Amino acid sequence: MLDKLTQKVSDALRAVAGKATITEKNIDEAVDAIKMALLEADVNLRVVRRFVNSTIEEAKGEKVLRSVDPGQQFIKIVHDKLVSFLGDTKQDLELKGPDTISTILMLGLQGSGKTTSSAKLALRLKKEGRKPMLVACDLVRPAAMEQLAVLGTQIGVPVFKEDGAKDSVKVYRDASSWAQKNMIDTMIIDTTGRLQIDEPMMAELSRLKDAARPDELLLVADSMTGQSAVDIAKTFDEKIGLTGVVLTKFDSDTRGGAALSLKTITGKPLKFVGTGEKPEDFEPFYPDRIAGRILGMGDVVSLVEKAQEVYDQKEAEELQKKMEKENFTLEDWLNQLKSVKKMGSLQSMIDMIPGMAGQVNEEDIDKAELKSQEAILSSMTKKERANHLIIGPSRRSRIARGSGTSVAEVARLLKRFEKMRTMMKKMSKMSKNPKSAQSMMARMQGGGFF
Ligand SMILES: Nc1nc2c(ncn2[C@@H]2O[C@H](COP(=O)(O)OP(=O)(O)O)[C@@H](O)[C@H]2O)c(=O)[nH]1
Ligand SMILES: [Mg+2]
């Protein structure tokens, strides 16, 4: 994902990263290299220009050139610019509450990934506790209805289709009454696409939009098509109106031109990315995470800074020693859980770790699980936390009762703890530096070890 772009941008940044002083010339050179990288990535020219001008202006300000660590400051500026071009923050769907039916219209050209994305979105909403249904309004190709039906069965979401139907508005209306009878709260409508934008398609989609009055109009666009994805989004927005974009095949997009240009050119947020062919391969679009990935270095510095607010250096060193000696205890684990909570969202932690950004989503981390872990650990006595080996069956059942969990959960936590200790030992051998030990800890937290 975005490999080519990352390579070029991180090369450019590396040239200034460690410098004790940087000159205007250094900045010009770095910005120039990034500009070339963006152009090669098929980023829209207007976007590139804007990026270059604003970065240079800010980077040449007093703050950077005179700062203690100008290289880092410069990287931060580039990072923040990228985030802003990618759309600043994650944009959620705006759906109604579960007592009213929300409607999502999926639009896009043939082959862009509409049908696949409809199913992916349905699966995601289902996991969030909604009751979605899929509506087959691509009436042009009979195979399209069948494809949706197969996907629906696969993910356990009902699919409404009318074989031989000619009018998508009628299909929508029938689906809508079926939805009401069946306590559905979200209708996801898969629509007709053509190889190219044409009037009949737009007219049909317009009619469907007027009938369905959707809460979300999502354009599904193929990221591999670069600028043409952006042009298509622009046209759809002008003709039909969009609330957001789903960028598919992001797994194969090495360049990132569409992702970087979309928001600036169309004004519409990227809401999701498709990252593979399976129904699970679908993620919300996090601008900061993507920016971090493009920079290719993870924001180790701010991770450390953030961690530093909570941990003082001594504590970190002690922790490191403990990890080395393998006497990391349950007590330490509990402290760790508490301090991660203090540090803010897990996601922001995960995203700052090099190599982890984008690989672990906060959604993948079971927050309830973290809570129950904390409950279990808190229900132990200090003595038990200092030495987990004394926790036999009767202690286990007392802890389970005290924490409102089960003996099996307590046993699982202890097992995990053993595994963690082994992992930690390995990791601490890899790095003798307490700061990186902290990031390892966070990494394990993100990786579901805690
Ligand atoms: N690698 C990858 N393939 C995708 C993704 N989304 C869709 N596809 C594939 O793209 C092709 C077209 O998808 P489809 O949903 O049928 O497109 P539609 O014509 O717009 O409905 C299929 O082979 C999908 O498996 C994605 O995010 N990543
Ligand atoms: Mg389709």
| Could you say whether any residue in region 255-265 is hydroxyl-bearing (Ser, Thr, Tyr), at pLDDT 90 or above, surrounded by fewer than 20 Cβ atoms within 10 Å (Cβ to Cβ) and part of a helix (DSSP H, G or I)? | yes
| remark: Filter region 112-138 for residues that are of a type outside the set (Asp, Glu), within 13 Å of ligand 1 (Cβ to nearest atom) and within 19 Å of Ile240 (Cβ to Cβ); the one that is surrounded by the fewest Cβ atoms within 10 Å (Cβ to Cβ) is Gly113
| request: Just give me the residues in region 182-227 being closer than 21 Å to Phe285 by Cβ, of a type outside the set (A, V, I, L, M) and either within 15 Å of ligand 1 (Cβ to nearest atom) or at pLDDT 95 or above (or both), in sequence order. | output: Thr186, Asp190, Pro214, Asp215, Glu216, Asp222, Ser223, Thr225
| said: So, in region 95-111, exactly how many residues are in a loop (DSSP other than H, G, I, E, B), in contact with a Gly (Cβ under 9 Å, 6 or more places away or on another chain) and either crowded, with 18+ Cβ neighbours inside 10 Å or at pLDDT 90 or above (or both)? | reply: 4
| Looking at region 376-394, which of its residues are surrounded by fewer than 17 Cβ atoms within 10 Å (Cβ to Cβ) and closer than 18 Å to Glu331 by Cβ? | Ser378, Thr381, Lys382, Lys383, Ala386, Asn387, Leu389, Ile390
| request: Determine the pairs where a residue that is farther than 28 Å from Gln180 by Cβ and among the hydrophobic types (A, V, I, L, M, F, W, C), located within region 191-212, has a partner that is in a loop (DSSP other than H, G, I, E, B) and away from ligand 2 (no atom under 16 Å from the Cβ) with Cβ atoms under 8 Å apart, the partner being 6 or more residues away or on another chain. | output: Met202/Ile240
| query | Given the conditions (1) under 25 Å from the mean Cα position of the chain (by Cα); (2) crowded, with 24+ Cβ neighbours inside 10 Å, which single one is not true for Ala175? | reply | (1)
| request: Report the residue count in region 64-86 for those that are of a type outside the set (Asp, Glu) and farther than 15 Å from Thr23 by Cβ. | output: 13
| Residue list for region 138-157, restricted to those being in a helix (DSSP H, G or I), near ligand 2 (Cβ under 10 Å from one of its atoms) and in contact with a Lys or Arg (Cβ under 8 Å, 6 or more places away or on another chain) | Met145, Leu148
| remark: Matching residues in region 42-71 (modelled with pLDDT of 75 or more, crowded, with 16+ Cβ neighbours inside 10 Å and aliphatic (A, V, I, L, M)) number 6
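The values are calculated or read from the model by the stated rules, or taken from the named source; none is laboratory data. Note that this is a predicted model, so its numbers are computed, not measured. So basically every Cβ, Gly included, is an ideal-geometry build from the backbone, and we count neighbours across all protein chains shown.
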